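S.K.: I have a structure here, written as structure tokens, and I will follow up with some questions on it.
Every number in this text was worked out from the coordinates using simple rules, so none of it is lab data. All figures in this text were calculated on a predicted structure; none of them were measured in a lab. Glycine also receives a Cβ, built like all others from the backbone with ideal geometry; neighbour counts cover every protein chain displayed.
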Amino acid sequence: MSHEIALFAKNFWKKNSAMIENLVIVESPAKAKTIEKFLGKNFQVKSSFGHIRDLKKKDSGIDIANNFKPSYEVQADKKKVVTELKKLAKEASTVWLASDEDREGEAIAWHLKEALKLDPSKTKRIVFHEITKDAIMHAVEHPKDIDQDLVNAQQARRILDRIVGFEVSPILWKKVKPSLSAGRVQSVTVKLIVEREREIQAFKSESNFRVIGHFTLVDENGKEQTIKAELDTRFKNEKAVQKFLEECRQSTYSIENVVKKPGKRSPAAPFTTSTLQQEASRKLGYSVSQTMAIAQRLYEAGFITYMRTDSVNLSKLALNAAKAEITSMAGAKYVKTRNYSTKSKGAQEAHEAIRPSYMDKHEIEGGNQEQRLYELIWKRAVASQMADAELEKTTATIKVSGSKQKFVASGEVITFDGFLRLYIESTDDEGETTQNGNESLLPPLEVGQALGSQSIVATERFSQRPPRYTEASLVRKLEELGIGRPSTYAPTISTIQNREYVVKEDRDGVERTYKEYSLADGEIASATKTEITGAEKKKLFPPDIGIVVNDFLDEHFKDIMDYNFTANIEVEFDNIASGKLQWTSALQDFYKDFQPAVEETVKNAERQVGERVLGTDPKSGKPLSVRLGRFGPIAQIGTQDDEEKPTFASLLKGQSIETITLEEALELFKLPRTLGDFEDKTVVIGIGRFGPYIRHNSKFVSIPKGEDPMEITLEEAIEKIKAKRIQEELNKLKTFEEEPELQILKGRFGPYISYKKKNYKIAKGTDPLSLSLEDCRKIIEETPEKPKRGGARKKKS
DNA sequence: CAGTGAGCGAGCTTCCGCTTGACTT
């Protein structure tokens, strides 16, 4: 009976699937779902999940001698999709290749045709720019052929990237450290960070004095008002400040001039991948990969359009929907339909800007993060179609009698809010905002009007060093330079952090003093004040390995490390796409300079460890140097050639071989430090990866932050050791007499079993006290061996 | 999960762009 049902189902399926006349293949499954709704029953829409084939992993996949002949293979994780598509394509009467219209999309269509062995007579290539019924039907009525020139441009891109990555990386393994990587995109990305760090280190801050006056006047209602104004001159030194304030003691103040100017502000374009990442970082504090993961969920739920795009364009449908929405929300005078155009280099614009699927959906149901990101996308898209904000700017100059200098007060009033009603774009302002930034309304002022002086304060201000990059501001820079694509910004930033070329860190600021002079009630006073400067949050820093690799590549591969390299070859790829250039000659052109550089470097480049000799150790008279060791940056006293072995010390977190001083390096050698004996075993203070520690009887006790490891006495150390013992005793939940090595302990994440220095987790819901020795042994038995750390990196497929 | 910092030298690492889940802790 069940057999009969199965047979029936099989036949039914066969019959039904044979009925599908048309197979449409798109790149994304979410898109497939949407499109299927627009097309009739005769269409089945499937997804390729992006590229299905790639260059062979082994032996580079390119036969360079044979005119760069590529060998492709179906990627391991795409075998299933390809098999399924092959089967469906066989059954269909027509296969429609509907991947994106850009270089990569064209290549996907071509690879599909090749890998699925599609019959040319029943294969059609279509593209559409909007996911609407009209657009799709129009595309179906106007099929094209696969554009082989565009495909060749993609092949050239792909092959060049493989050649760069797979020929340069192995050089790094030999000359610097195993498992490192280099590539057209990642290596210049790191360079941006390294160069910025050097600019910051070289930066010499200069100071001057900014003068702010507070003036009073009585308005028409008899009420006293104050206005704040900044002097048009910044003084270079204290003498000039004193001289000016001295003059001011006798001065009177009056309005010399009042200028009113209308102004306007326009909304920003709707989001692209890059601007979404920037705003989500500034407004919501998300990392770029976080933003992309949340956006992906919104896309899959059908709330937003595609999130990997470099286009600021909105579909007609969206423009109309926005117009209707704004009209019903705020009225027709808030509407202004705008078409934005892309200004970033190398944009391919296969998609729309990122926008809500439905403009009238103000909020969505779902997680908190999804809701917040959606709100941002909705506001930005709608605001982009709203009227300019209109404002009136007032600038008043204040004359100081007996002085050349003038004060300037400015105010701003919004006379029509326009798009500001909905959305204000954030900026990456570093440090101080200008006092004039908080513009507000000025009271009515008349030329010649006399003002009273409440106070004049001159504050020492320092010039700002260049800002360190955040993930998001780095993405903006990459986009500006045309390096990388929307789909790779987040992965690239993860890669350079995984390689430890770059770390994202917080840094404490340092205290700085500044002078302040003030004049109030005819008295001049001065004060020295302090402020915290240079504190950083989630900023990108280059550790030593990043610097060493960068310098090595910069020295030997100047062409690839040029910021314009990508932009220049993109021109060539465009020429291939338009049929003006053979793709193989573009590659030959590149390779004729690249290959000698590879050979030269392999042969002649010295091993690079970033060594710097800082000076001599006063105790031994031997040279003290810093360099990259096998486990990270180290300081070393003496050399390998000495009869006595050199002594070593690891650099601390935050220290760099590039900036460490001799004094700081000498400090490192003061640890480990032996305090004395306790219970016949020595007590040693040291410093490790997790900070300073006390070691006794091969046990470690951490020294809490804020306590100086140089100051700890033997007595204090013994106390900490005893305290730790008590804590350990308290953590023991259960022990077994017949097996003292096996214990049930209480840890940070709950109870666990400890046996022979290894830990085993106890399943949730189990009462740890109820476990018998046999139970514990069973758990240990059944726990799989952990993969060894440090070997192969975590990888997909 | 902490102190090392050479070395017998097997066999491995690596790119960019297009797309989503499937794995454990």
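S.K.: Using alpha carbons only, how many angstrom separate the centre of the range A:641-681 from the centre of the range A:596-614?
M.R.: Each part reduced to its Cα centre gives a spacing of 28 Å.
S.K.: Can you give me the Kirkwood hydrodynamic radius for the range A:14-125, using every pair of distinct Cα atoms, in Å to one decimal?
M.R.: 14.8 Å
S.K.: Can you list the residues, at least 5 places off or on another chain, whose amide H is less than 5 Å from the amide H of A:Val503, using H built in the peptide plane?
M.R.: The answer is A:Phe541.
S.K.: While we're looking at this one, here's another question. When the convex hull of the Cα atoms of the range A:610-649 is projected onto a plane and the area is averaged over all directions, what value comes out in nm²?
M.R.: For the range A:610-649, the mean projected area of the Cα convex hull comes to 2.8 nm².
S.K.: On to the next question. Based on a Kirkwood Rh over C-alpha pairs, give the Stokes-Einstein translational diffusion coefficient of the range A:322-432 at 25 °C and viscosity 0.890 mPa s in µm²/s.
M.R.: 140 µm²/s
S.K.: Only counting other Cβ atoms within 10 Å, I'd like A:Asp508, A:Asp54 sorted with the fewest neighbours first.
M.R.: By the 10 Å Cβ count, ascending, the order reads A:Asp508, A:Asp54.
S.K.: Can you divide the C-alpha Rg of the range A:358-415 by 2.2 N^0.38 Å and report the result to two decimal places?
M.R.: That works out to 2.13 for the range A:358-415.
S.K.: What is the spin-label model distance, in nm, from A:Asp506 to A:Glu363 if the labels are put 7 Å beyond Cα along the C-beta direction?
M.R.: In this crude spin-label approximation the distance works out to 3.0 nm.
S.K.: With a cap of 16 neighbouring Cβ atoms within 10 Å, and only residues DSSP puts in a loop, list the GluC sites (Glu not before Pro) found in the range A:168-268.
M.R.: A:Glu206, A:Glu220
S.K.: Can you give the Kirkwood hydrodynamic radius for the range A:463-560, in Å, rounded to one decimal and based on Cα pairs?
M.R.: It works out to 17.0 Å.
S.K.: Continuing with the same structure: Give or take rounding to whole Å, what are the principal axis extents of the alpha carbon atoms in the range A:592-731, in descending order?
M.R.: 70, 39, 27
S.K.: Quickly estimate the mean residue ellipticity at 222 nm for chain A, helices only: each DSSP H run with n ≥ 4 gives -39500 (n - 2.57), and the total goes over all residues, rounded to 500.
M.R.: My calculation for chain A gives -11000 deg cm²/dmol from helical runs alone.
S.K.: Next up: Please list, by residue number, every one of the GluC sites (Glu not before Pro) in the range A:649-749 that is coil in DSSP and has at most 15 other beta-carbon atoms within 10 Å.
M.R.: In loop regions of the range A:649-749 (DSSP not H, G, I, E or B), the sparsely surrounded GluC sites (Glu not before Pro) are A:Glu679, A:Glu707, A:Glu711, A:Glu737, A:Glu738, A:Glu741.
S.K.: How much length is gained on full extension from A:Lys122 to A:Thr647, taking 0.36 nm per residue of separation minus their Cα-Cα distance?
M.R.: Going from the current span to full extension adds 181.6 nm.
S.K.: Among A:Leu284, A:Leu422, A:Leu23, rank each residue by its count of other Cβ atoms within 10 Å, from fewest to most, as a rough exposure measure.
M.R.: So the residues, fewest neighbours to most, are A:Leu284, A:Leu422, A:Leu23.
S.K.: Please work out whether the range A:525-640 counts as rounded, prolate or oblate from its C-alpha gyration tensor, where a ≥ b ≥ c are the square roots of the eigenvalues and a/c under 1.5 means rounded, while otherwise a/b larger than b/c means prolate and anything else oblate?
M.R.: Note, shape of the range A:525-640 comes out oblate.
S.K.: Any idea what Rg and Dmax come out to for chain A if you just take the C-alpha atoms, in Å?
M.R.: Values for chain A (Cα only, Rg and Dmax): 34.1, 111 Å.
S.K.: Where in chain A are the DSSP H helices whose alpha-carbon span along the long axis reaches 20 Å or more and whose Kyte-Doolittle mean is at least 1.6?
M.R.: none
S.K.: Quick one: order A:Asp680, A:Asp551 by neighbouring beta-carbon count within 10 Å, fewest to most.
M.R.: Taking fewest neighbouring Cβ atoms as first place, the list is A:Asp680, A:Asp551.
S.K.: Residue by residue, what Karplus-based ³J(HN,Hα) values in Hz, rounded to whole numbers, does the range A:683-688 have, using 6.51, -1.76 and 1.60 with θ = phi - 60° and x for Gly and Pro?
M.R.: 10, 10, 9, x, 9, x
S.K.: While we're here: Given the convex hull over the Cα atoms of the range A:227-357, what projected area results after averaging over all orientations, in nm²?
M.R.: Hull-based average projected area comes out at 14.8 nm².
S.K.: What pairs in A:Lys529/A:Lys670; A:Lys46/A:Lys113; A:Lys477/A:Lys537; A:Lys57/A:Lys144; A:Lys37/A:Lys333; A:Lys58/A:Lys80 have C-alpha atoms more than 25 Å from each other?
M.R.: As for pairs spanning more than 25 Å Cα to Cα, those are A:Lys529/A:Lys670; A:Lys57/A:Lys144; A:Lys37/A:Lys333.
S.K.: Continuing with this model, one more query. Using a cut-off of 15 Å between beta-carbons, work out the net charge of the residues near A:Lys504 (Lys and Arg +1, Asp and Glu -1, A:Lys504 not included).
M.R.: Net local charge, A:Lys504 excluded: +2.
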